[in-house]
Amino acid sequence: MQAFPQLVFSGVQPTGNLHLGNYLGAITKFVALQDTHDCIYCVVDLHAITVAQKPSELTSNIREVTAAFIAAGVDPTRHIVFNQSQVAEHAELAWIFNCVARIGWLNRMTQFKEKAGKDRENASVGLYAYPTLMAADILVYRATHVPVGEDQKQHLELARDIAQKFNNDFLVDNPAYADGKGFFPLPEPLIQGPATRVMSLRDGSKKMSKSDPSDNSRINLADDGDTIAQKIRKAKTDPDALPSALEGLAGRPEADNLVGIYAALEGKTKLNVLQQFGSGNFSTFKSALVDLTVAKLAPIGSEMRRLQADAPYIDGVLRDGSNRARERAAKTMSAVRDIVGFVR
C-alpha cells in the first residue's frame, strides 16, 4: 500500500502575548522540522474568534504570530506561512466534518469544558466545534504529522477519528479515491522534548499562560533581555538544592519546570542538566538560566519588533502563503465534493 507523502501542518492562535511556552511547545519544532519535511504553518485566526476578540487587536495579533514565526527561523519562502481566514476551504471542510463527527465525541473534549467553565450555555457554538475545525485545518492538506503540545493531543485523536469515519462512510461508493489507503491520512502527533508543557514561573502547577494576571508568571517573546533576566531571578523556587537525579524533581514542580526550560533551550535532557548543576544552589543555576534564556530569546524579540513595524511585509508574506495554501486545499476540496456527492 502506497504511503501518504509526509507533510507537517500546525498552527498557533493569534491571541496576543506569545510567550516561552508557545516558543518551546511549538515554534522551535516548526523551525527544526523545516529541514526534514514539507511544512505548512498557519495563524489560526478562525479559531481565535471562538471567543470574543477586538478586531483591531486581532489584526495586530495575527501579524505578531507571523513575525514570531519568521524571527524564530521559519522560512516563508521554502515553506508556507499563512492565516487561516484567507483560505475558505478550511471552513468548508469543517462543515462537512461537523456532519461526520458525533456529538458524543465532542462531549468528551476536555478543553471545551475547561474554557467554557460553569457558563457552558453562554459559550459559542464555534468553541464547541473547535476540534472539527482543527481536523479540517490538518486534513484539507492531507497532512501526516502535526507538532502539538500535550493539551492538543486529544483534539488530534479526534481528527484521526474523523478521518477514519470519513474514509469508512464515503469510500465504499468511491473506491477510486481510496487508492488502497483511504482518502484522508490518520495524522500522527509530534510531541517531544523536555519542555512540551511549560509552567508558570510563579506556580509550577499551572501552565504558563497569557491570561495569568501576573506578567512575571511568563516570559513573553517580545520581552527584552533585562526583563527576561528579572523574571527568571524572581521565579519561584524552593529552599532545597537541585538534585542530581530525575527522581529528585518529584514533588518539586517549580524546580522541575526551570530544569525543563533550561534543557529545552539548550537541546539537552533534564538528566544532562541535573548532572551539570545538581547538588548546587538555585542561585548558580538561575544565573546560568538567565544567560541562556537571554541569549536565545532576546534576539528573537528584537527581530519580532522590527518585523511588526513593517506591516506591508508581514501582510505580503501572508498573502503569498495563503495563495499557495489555497492551491493545495482546493485540490482536496474538489475531490471531497465529488466523494460526498455534491453536484458541481
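Quick note: the coordinates plus some simple rules give every number you see, no bench work behind them. Because the structure is a prediction, the values reported are computed rather than measured. No Cβ is skipped: glycine too gets one built from the backbone with ideal geometry, and neighbour counts run over all protein chains shown.
The table that follows gives values for the structure above.
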| quantity | calculated |
| --- | --- |
| Residue order, fewest to most beta carbons within 10 Å, for D45, D338 | D338, D45 |
| Debye, to nearest 20: dipole size of the chain, +1 on Lys, Arg Cβ, -1 on Asp, Glu Cβ | 280 |
| Within a Gaussian network of the chain (alpha carbon springs, distance under 10 Å), most fluctuating of P239, P187, P147 | P239 |
| Rg/Rh for the stretch 21-171, where both radii come from Cα atoms and Rh is the Kirkwood radius | 0.96 |
| Local electrostatic count, G267, Cβ distance below 13 Å [Lys/Arg +1, Asp/Glu -1] | +3 |
| Top of A52, A309, A298 by mean-square fluctuation, Gaussian network on the chain, Cα under 10 Å | A52 |
| Over 28 Å between alpha carbons, listed pairs K118/K234; K207/K234; K236/K268; K29/K231; K115/K331 | K118/K234; K115/K331 |
| Alpha-carbon Debye profile of the chain, log10 I(q)/I(0) at 0.13, 0.14 Å⁻¹ | -1.03, -1.16 |
| Per-selection Kirkwood Rh - the stretch 215-306 (Cα, Å, 1 d.p.) | 13.5 |
| Share antiparallel - DSSP beta bridges, the chain, percent rounded to 5 | 10 |
